[in-house]
Amino acid sequence: MKRVGLTPDIRQGQPSLVKLAGMLNRTTVELDKALDCVQWELYISEGVIRCQFPINTGSIDKHHYCEKVGHILAEYILVEQEPELLRNIFHESYGISDNVETDALIAEAVSLLNDTSRTSRLNGLASQFSSYLAEFEQLHLDGFLQFRLRDYRLEVMGAASSAMEERIIRRQYQEFISLLQTIVDMKETLSPTLHVIHGGGQVFEILDDTFQRIEAQEINKLDQNDDHQIVSHLLALSPDQIIIHTAEPNSLIIRTLVEIYGTRAEVYSME
């Protein structure tokens, strides 16, 4: 009889270990052998999940079974361990203590990690687990994650760093918007209503309330940082209300104008 043992990180807590044991037991469903021959048992006091079964005798094929277990362990890492790994990174490396903010950053980092392909990440981890199990009978999950999955850990750390950068950019953007909102609220109104005709991209025209052209801006061949030019023109004209006509109501610059002017902005779609 071959005995295979897995030692998850006991800090994950009993519910997580029970979940992993259940996931592992579901790998036996397709096997012809009686389930009690390959039942994974959880030993809470030891922090061990262990099974005992004959491999390469009867219908159980070692390579096939190691692949199935490897896939389950990879899924467990992505679903259970990865969020906690990210949580530790944000707490310890970036000093984020607010749980709500941490959860948002974790979601952002996981989204970035899965932008390429979750399936590819899953298969890569599964391959490493199955190769190890084919050779060794004991696997300590925390040690495996620390020392054999260094590329994976670096990938997760990179996603955490990118999520933090996005957080900083969003915060700076909100501070910029708040400043402009204050300027708009404090400035004396010079025009009752202005129509902002958005020709797409960074092409705009500004018309007065009788639809006469006040000033035309064709902001071409500029990078995204030059979207502020239309904002500058509007601040100078200081309208009480702006009506935006656009075929791209969800574009960043249109959303920015709406944020700045709030209820004083109306958007009409030209689609």
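One residue stands out in the range 181-203 among those that are within 21 Å of residue 255 (Cα to Cα) and at pLDDT below 90: the one that is surrounded by the most Cβ atoms within 10 Å (Cβ to Cβ), namely 202. As for the range 110-119, it holds no residue that is assigned by TED's automatic domain parsing to the domain that holds residue 161 and under 17 Å from residue 20 (Cα atoms).
In the range 133-184, which residues are among the hydrophobic types (A, V, I, L, M, F, W, C) and either under 30 Å from residue 263 (Cα atoms) or outside the structural domain of residue 86 (by TED's automatic domain parsing) (or both)? Write out each step before concluding.
Initial filter on the range 133-184 (among the hydrophobic types (A, V, I, L, M, F, W, C)): 133-134, 136, 139, 141, 144-145, 147, 149, 154, 156-157, 159-160, 163-164, 168-169, 176-177, 179-180, 183-184.
Passing the criteria: 168, 169, 176, 177, 179, 180, 183, 184.
Note on the range 92-110: among residues that are of a type in the set (S, T, N, Q) and loosely packed, with under 12 Cβ neighbours inside 10 Å, the one that is farthest from residue 81 (Cα to Cα) is 97.
Residue 139 passes every criterion in (1) part of a helix (DSSP H, G or I); (2) surrounded by 18 or more Cβ atoms within 10 Å (Cβ to Cβ); (3) not charged (D, E, K, R) apart from (1). Pairing residues of the range 199-210 that are under 17 Å from residue 189 (Cα atoms) with residues that are part of a strand (DSSP E or B) and of a type in the set (S, T, N, Q), at Cβ distances under 6 Å and at least 6 apart in sequence or on separate chains, gives 209/193.
Going through (1) at pLDDT 90 or above; (2) among the aromatic types (Phe, Trp, Tyr); (3) closer than 20 Å to residue 24 by Cα one by one, residue 94 falls short only on (3). Of the set (1) at pLDDT 90 or above; (2) within 30 Å of residue 74 (Cα to Cα); (3) touching a helix residue (DSSP H, G or I) at 6+ places or on another chain (Cβ under 6 Å), all apply to residue 134 but (1). Taking the range 169-199 as the range and being outside any helix (DSSP H, G or I) and touching an Asp or Glu at 6+ places or on another chain (Cβ under 6 Å) as the test, the residues that pass are 189, 192, 193, 197.
Across the range 112-130, what is the total count of residues that are free of Cβ contacts under 8 Å to residues at least 24 places away in the same chain and either within 12 Å of residue 148 (Cβ to Cβ) or surrounded by 14 or more Cβ atoms within 10 Å (Cβ to Cβ) (or both)?
Of the residues in the range 112-130, the ones free of Cβ contacts under 8 Å to residues at least 24 places away in the same chain are 114-117, 119-120.
Now narrow it down to the ones that are either within 12 Å of residue 148 (Cβ to Cβ) or surrounded by 14 or more Cβ atoms within 10 Å (Cβ to Cβ) (or both): 114.
Residues in the range 112-130 being free of Cβ contacts under 8 Å to residues at least 24 places away in the same chain and either within 12 Å of residue 148 (Cβ to Cβ) or surrounded by 14 or more Cβ atoms within 10 Å (Cβ to Cβ) (or both): 1 in total.
Taking every residue in the range 79-98 that is within 16 Å of residue 158 (Cα to Cα) and outside the structural domain of residue 121 (by TED's automatic domain parsing) and pairing it with any residue that is surrounded by 13 or more Cβ atoms within 10 Å (Cβ to Cβ) and modelled with pLDDT under 95, at least 6 positions away or on another chain, yields no pair with a Cβ-Cβ distance below 7 Å. Of everything in the range 244-263 that's without any contact (Cβ under 8 Å) to a residue 60 or more places away in the chain and farther than 13 Å from residue 197 by Cα, which residue is surrounded by the fewest Cβ atoms within 10 Å (Cβ to Cβ)? So the residue we want is 263.
The values are calculated or read from the model by the stated rules, or taken from the named source; none is laboratory data. If you're wondering where the values come from, they're calculated on a predicted model, not measured in any experiment. Quick reminder, even Gly has a Cβ in these numbers, built from the backbone with ideal geometry, and neighbours come from all protein chains shown.
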